[in-house]
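Structure, as structure tokens:
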Amino acid sequence: MADHAPPAMDFDGLRPPSPFMTPAHEAWRSRLRGFVDGYIAPHLDQWDAASDFPDSLYKDAAREGISGMGFREDLGGTGENIDLWDRIIFAEEFFRMGSGVVFADLATPWIALPPIINGGTPEMLDRVARPVLAGERKIAFAVTEPGGGSDVSGFTTTAERKGDVFIVNGGKTLISGAMKADYLLTAVRTGGPGMGGLSMLLIETDRPGVTRGPLPGLQWYNRNNGWLNFDNVEVPVTNLVGVENRGFAGLASQFNIERFSGIAATLAMTRTCVAEAIAFARERQTFGKRLIDHQVMRHKIVDMVQRIKVAYAMLDILVWRFGRGEVPVADLALLKVQATTTLEHCARESLQVLGGRAYTGGNRVERIYREARIFVIGGGSEEILRDLAAKQMGF
């Protein structure tokens, strides 16, 4: 039997081979990596320090066919022949750098535009979808509320119809891209309580009564995230997206995409910090030998690699199932919990491996450690998702 070299324990080597990846997927990965390495990586430390990035990046992403991936060509996209793997690879490549300062803003159109393209008027496509895909305008997905994060059925932002306008009152929080957005795809209550009374409404941020502000505190280093307030905002009925009081169906499908992206981002950050821990352990000398030559450190690293492999095994099979037309909501909820607990564990253990080195710069582990919690909460907290899984399984 021929000898085989051990797998590389870098970012790429920590991703187990997938039987479902095609040459087209790998070409997309190469294209994304080239964009990230050319347009983002050289400036990332500066952008992290500023908690922001220049608006020109939106146009760069549009020109290079990055943000338009999967959208209709007549609207400025690259074509609709994509699948979940393309979105997952997008998240992996952007979070390979271990920073959330860019990803959420550039990825938001993938969540906010499809309902508009599928349920909006032709005028809305020209006015909103085209300039957003060209990088000339920005859109945010305004769903989460201060009193109802993962509980969509409890949303209280109202849109009361009066003649040919809706009067919108309420607020949103933790909205990616809120501070720069020109348009908000907003979840509003147009009917009774529960899921059945929700609608999707396009709200321009320059309308009287719309205010917004940044969110200080424990968050991504991205000052584009913010809160929104609607005080008797008049919005034309023609800005309704889809069918009135049936907005939850659109929300549910977008949540699935968001969770897959979040899972992919989470596991990419896990691989980044573990790869840095391994590289450091191979170089660092303690008590006359390399750190990795101490059994306790080898076991720590092997445990992290094991957890990564388990999470990717779940991810591969679940993407395959969704591709077959299944919608295994319980398993997707469990995978999100599995991925985020894996990130938290590996971020902590990687920090332990690096020790004081993690706080001296030149690595991403400390940053990932601080950002890990947002992934556990965002896209559905682990408590909400475990309960969702239990209900789906009939418990």
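The values are calculated or read from the model by the stated rules, or taken from the named source; none is laboratory data. Here the structure is a predicted model, which is why all the values come from computation and not from measurement. In this analysis, Cβ positions are derived from the backbone assuming ideal geometry, glycine residues included, and neighbour counts consider all displayed protein chains. Side chains are part of the model used for accessible areas, which takes the heavy atoms of the whole protein and leaves out ligands, DNA and RNA. Shrake-Rupley method; radii C 1.70, N 1.55, O 1.52, S 1.80 Å.
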Review point. Each residue of segment 156-168 in turn: what ³J(HN,Hα) in whole Hz from Karplus with 6.51, -1.76, 1.60 and θ = phi - 60°, glycine and Pro shown as x?
Key: 10, 5, 10, 10, 8, 7, 9, x, 9, 9, 9, 9, 9
Study note, to complete from the structure: For segment 78-216, averaging the sequence separation of alpha carbon pairs under 8 Å that lie six or more residues apart and dividing by its residue count, the contact order in percent is 19 percent
Point to revise | With all protein chains modelled, accessible area of V132 [1.4 Å, Å²] | key: 10 Å²
Check your understanding: Probe 1.4 Å, all protein chains in place: accessible area of R223 in Å², nearest 10?
Key -> 140 Å²
Review point. Given H placed on each backbone N at 1.01 Å, which residues far from L228 in sequence or on other chains put an amide H within less than 5 Å of it?
Key: K172, T173
Review point. By DSSP, what percent of the beta bridges with both residues in the chain are antiparallel, rounded to the nearest 5?
Key: 85 percent
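Suppose a student asked you for the relative contact order of the chain, using Cα pairs under 8 Å spaced at least 6 residues apart; what percent would you report?
On the way: 647 pairs, mean separation 66.6, N = 395.
After rounding, I find 17 percent.
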Review point. Can you give me the relative contact order of segment 94-166 as a percent, contacts being Cα pairs under 8 Å and 6 or more apart?
Key: 21 percent
**Study point:** the chain: angle of helix 295-323 to the longest principal axis, Cα-based, in degrees nearest 10
**Key:** 40 degrees
Exercise for review: Please give the helix 329-354 orientation as an angle from the longest Cα principal axis of the chain, in degrees from 0 to 90, rounded to the nearest 10.
Suggested key: 50 degrees
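On average, how much accessible surface per residue is there in segment 95-146, in Å², for a 1.4 Å probe, leaving out ligands, DNA and RNA? Intermediate results must be reported in sequence, preceding the final value.
Working: 1520 Å² over 52 residues.
Computed with neighbouring chains in place, this is 29 Å² per residue.
Out of the total accessible area of segment 78-217 (probe 1.4 Å, heavy atoms of protein only), what percent is carbon and sulfur? Each step should come with its number before you reach the end.
Numbers: 2500 of 4890 Å².
Here carbon and sulfur together make up 51 percent of the probe-accessible area.
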Revision key, fill the gap. Taking Lys and Arg as +1 and Asp and Glu as -1, residues besides L354 with C-beta under 13 Å from its C-beta add up to +3
Review point. Can you list the residues, at least 5 places off or on another chain, whose amide H is less than 5 Å from the amide H of A142, using H built in the peptide plane?
Key: L185, T186, A187
Study note, to complete from the structure: Rounded to the nearest Å, the spacing of the alpha-carbon centers of segment 1-61 and segment 304-350 is 20 Å
Point to revise | Note, ³J(HN,Hα) from phi for segment 21-32, Karplus 6.51, -1.76, 1.60, rounded to Hz, x at Gly and Pro | key: 7, 10, x, 5, 5, 5, 5, 5, 4, 4, 5, 5
Exercise for review: Assign one of three labels to segment 1-111, namely rounded, prolate or oblate, based on the Cα gyration tensor with a ≥ b ≥ c the square roots of its eigenvalues; rounded applies when a/c is under 1.5, prolate when it is not and a/b is larger than b/c, and oblate otherwise.
Suggested key: oblate
Check your understanding: Once amide H atoms are placed 1.01 Å from N in the peptide plane, what residues at a sequence separation of 5 or more from V165, or on another chain, have their amide H within under 5 Å of its amide H?
Key -> V237
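Hey, can you find the accessible area per residue of segment 1-78 for me, probe 1.4 Å, expressed in square angstrom?
Details: 4290 Å² over 78 residues.
On a per-residue basis, 55 Å².
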Practice item. Please report how many Lys pairs in the chain have alpha carbons closer than 20 angstrom, counting only residues at least 8 apart along the chain or sitting on separate chains. Key: 9
Exercise for review: Please give the helix 365-377 orientation as an angle from the longest Cα principal axis of the chain, in degrees from 0 to 90, rounded to the nearest 10.
Suggested key: 40 degrees
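Counting only protein heavy atoms and a 1.4 Å probe, tell me what percentage of segment 287-395's accessible area is made up of carbon and sulfur.
Carbon and sulfur: 55 percent of the exposed surface of segment 287-395.
Compute the Kirkwood hydrodynamic radius of the chain, taking the inverse of the mean of 1/r over all pairs of distinct Cα atoms, and give it in Å to one decimal.
Working: mean 1/r = 0.0453 Å⁻¹.
Hydrodynamic radius (Kirkwood, Cα only) of the chain equals 22.1 Å.
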